Every structure is written in structure tokens, then in C-alpha cells.
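What follows is one structure encoded as C-alpha cells, with my remarks underneath.
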Amino acid sequence: MTNITRRQALAGLSAGFLATGAQAQERYPSRAVQIVLSWAPGGSSDTVTRLLAQGLGTVLNGNFVVDNRPGAGGTIGHAYVARAKPDGYTLLVATNSTYAIAPYLYESIPYDGNTAFTPISLLATNGQILCVHPSVPANTVAEFIALAKAKPDTIPYASSGIGATSHLAAELLMSMGGITLVHVPYRGGAEPVQALISGQVMMNFMDASTAKPLIESGAIKGLGVSTPQRSPLLPQVPTIMESGLPGFESSTDFALMAPAGLPAPLVETLYDASRKALALPATADRLKNMGMTVISGTPAEFGPYAAKENAKWSSIIRERGIKAS
């Protein structure tokens, strides 16, 4: 019969407990991860989110599934994530339309945007091109502003909907340029682009990748870029800052978030994985061809950036008296 000392017995018990603890700490992700997007399928937001999901799946060897939950300026999708468990299995791709604009368009929303989410990364930004119909007698932003001043409340412009960055960019242009245009909101997608091509409207802010072939074919004219730097896709188009409106800046930003309370190790895991996902050659090339600037900002960097965006757009919304319909 084998004799077991007390020390050996305790060592065996400790090993058993350690094994149990290791098994309890499951590999992440051990099941499908839901990435909520507050916009409908199609468009740049959907493309960025699906590229991110594919990249995260590759980096973390898991299954990341995009769940489109559009509506109410993005607040439906945000509210869903705000109620979810902070376990890493429900994530949110937010845009500045949804995290810095929508909260100020509605009298009440079912979450506190300042406390309901854990920031993971500012993923990328995408500038816009101020485009006009070829019949518009203006070839620069300065000429367009002069035309609008001469004909107030007569020039219709399209947007992807109330509160979309294409809408707020135009409101910023009106505020800084001292002009008044007529807003024609659409439901996103290709509708505002087609409206401009057909001449139903005379102006629209659109993504550089969408605008590029239309400008090159002569279907529309590109007057200015909304970001401080020119777009690498359209280097011949000056920035709006260069064109007589110093300080003008607008873009569509994409951020990765999770419900408040996500444990710090998971935040770090997801930040590192998202950074690597966007750097994958195929993903990086696709984003570059879309005119995107990859940021991969840290969780600590996103807070001050979001605060700046909130202050900027809430001020424009109050000044312009914009409300969700």
C-alpha cells in the first residue's frame, strides 16, 4: 500500500484546483461574437464593419458576425449594446453620427452616451467631397458660397438623412459660409448620389471613393475636401480650408466600443486585435482604395477625441436648430 504524506496530498489538491481554474478561464472567443452596426447593409460603414469582423476572426481565430440594427439615428443599435453583458461577445461599431450627433437630435435616448460604453479604438476616418451638379455655375468652394449668398434658400442639397455626417457637413458649411441651402434628406445608400447625378439636387457631400469615378466621368464636379488634408484618391481637389473656410473640418469616423464594464484584459485584447486586423494587407488595401485613413487609436486616446466631436457637433445642432423628424 502506498503511503501519501500530508504535503503530497495538499500538493495534489492544489494541482487539481489550478487545473479547474485554468479550464474556467475559457479562450476568447469561444463562441460567436456579435458586432452591432447602427446602419443598414451597404455603404462605407457596413463595409468597414465587415472588413473588421473578417480581420478579427483571422487574428483571434474566432467567428465575428455583423448584426445591422439601423434606425433612430443609430440610437436603436446603441441602446441594444448598452443593455448587453460586458463579456466581449457583444461589440459596437459606432460612427460620429451615432455617438456624437444622434444624442443631441433627440429629446431623450434610453442610455447615457458618456457612461454606457467602453471605448476600444478609433478605427478609421473618411473625409467627404463637396460635390455639385455640372450645371451649377461654380468651380470652387468660394464661387459656390458666392452663388448661394446671391440666391439664398434656392439651392437644394441631398444628405443620407437627418443627422448623417453628409447633413451636418452641409450645416457646418452654411454656418461658416453664411449661406442658406434647402435640405433634401434621403434614406441613405445610393439615393442622394443618384439625386445629384440626375439634377434633382445641386449639392451633396459624399465619400471620396463614391465621388472619384463620377468626377472623372464628368457626371458631377468636386469642389472641396472636408478634411485638413487632400484626399489621396482625388489629389487635384483642394480642401475646403484651402478654398476660403479656415477651420472647416468634417469626416465620418468609425470606432469600436463595448458595453460599459468590459474587463481591462478584454479591452486590451480587442484593441490589439483590431489594430492587427486593419493592418492585414488585403484589408489595408481595401480601406486605402475607399479613401480611408486608418487610425487604430488606443482606448485612452478615444475619450478626448469623442469629447471634442461631441462639443463640436452639439454646438452646430443647437445653433442650427436641428431636430430629428
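The values are calculated or read from the model by the stated rules, or taken from the named source; none is laboratory data. In this text the structure is predicted, and so the values were computed from the model without any measurement. Cβ: placed from backbone, ideal geometry, glycine included. Neighbour counts: every protein chain shown.
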_If a residue must be under 15 Å from Phe254 (Cα atoms), in contact with a strand residue (DSSP E or B) (Cβ under 8 Å, 6 or more places away or on another chain) and among the small types (Gly, Ala, Ser), how many such residues does the range 101-121 contain?_
1
*Could you check the range 264-325 for helices (runs of 4 or more DSSP H) lying wholly inside it with 3 or more residues that are in contact with a strand residue (DSSP E or B) (Cβ under 7 Å, 6 or more places away or on another chain), charged (D, E, K, R) and surrounded by fewer than 19 Cβ atoms within 10 Å (Cβ to Cβ)?*
none
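Among the listed residues Asp67, Asp87, which satisfies the condition of being in a strand (DSSP E or B), of a type in the set (D, E, K, R), at pLDDT 95 or above and over 16 Å from Gly188 (Cβ atoms)?
On the way: Asp87 fails: in a strand (DSSP E or B).
Being in a strand (DSSP E or B), of a type in the set (D, E, K, R), at pLDDT 95 or above and over 16 Å from Gly188 (Cβ atoms) holds for just one of Asp67, Asp87, which is Asp67.
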*asked:* Can you find, within the range 135-159, the residue that is nearest to the chain's Cα centre (by Cα) among those that are free of Cβ contacts under 8 Å to residues at least 60 places away in the same chain and in a loop (DSSP other than H, G, I, E, B)?
replied: Ile155
*Take the range 221-261 and flag every residue that is part of a loop (DSSP other than H, G, I, E, B) and buried (at least 23 other Cβ atoms within 10 Å of the Cβ).*
Ser226, Ser231, Val237, Ile240, Phe248, Ser250
*Could you check Ser209 against (1) at pLDDT below 95; (2) in the same structural domain as Leu60 (by TED's automatic domain parsing) and say which number it fails?*
(2)
_With the structure loaded, tell me whether Leu91 is within 21 Å of Asp253 (Cα to Cα) and touching a helix residue (DSSP H, G or I) at 6+ places or on another chain (Cβ under 7 Å) or whether it fails that test._
no
*asked:* Condition (residue is within 23 Å of His78 (Cβ to Cβ) and free of Cβ contacts under 8 Å to residues at least 60 places away in the same chain) applied to the range 254-267: is it met by at least one residue?
replied: yes
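Among the residues of the range 146-183, which ones are aliphatic (A, V, I, L, M) and closer than 21 Å to Gly74 by Cβ?
First pass over the range 146-183, keeping only residues aliphatic (A, V, I, L, M): 146-148, 150, 155, 158, 162, 164, 168-170, 172-174, 176, 179, 181-182.
Those that are aliphatic (A, V, I, L, M) and closer than 21 Å to Gly74 by Cβ: Ala158, Ile162, Ala164, Leu168, Ala169, Ala170, Leu172.
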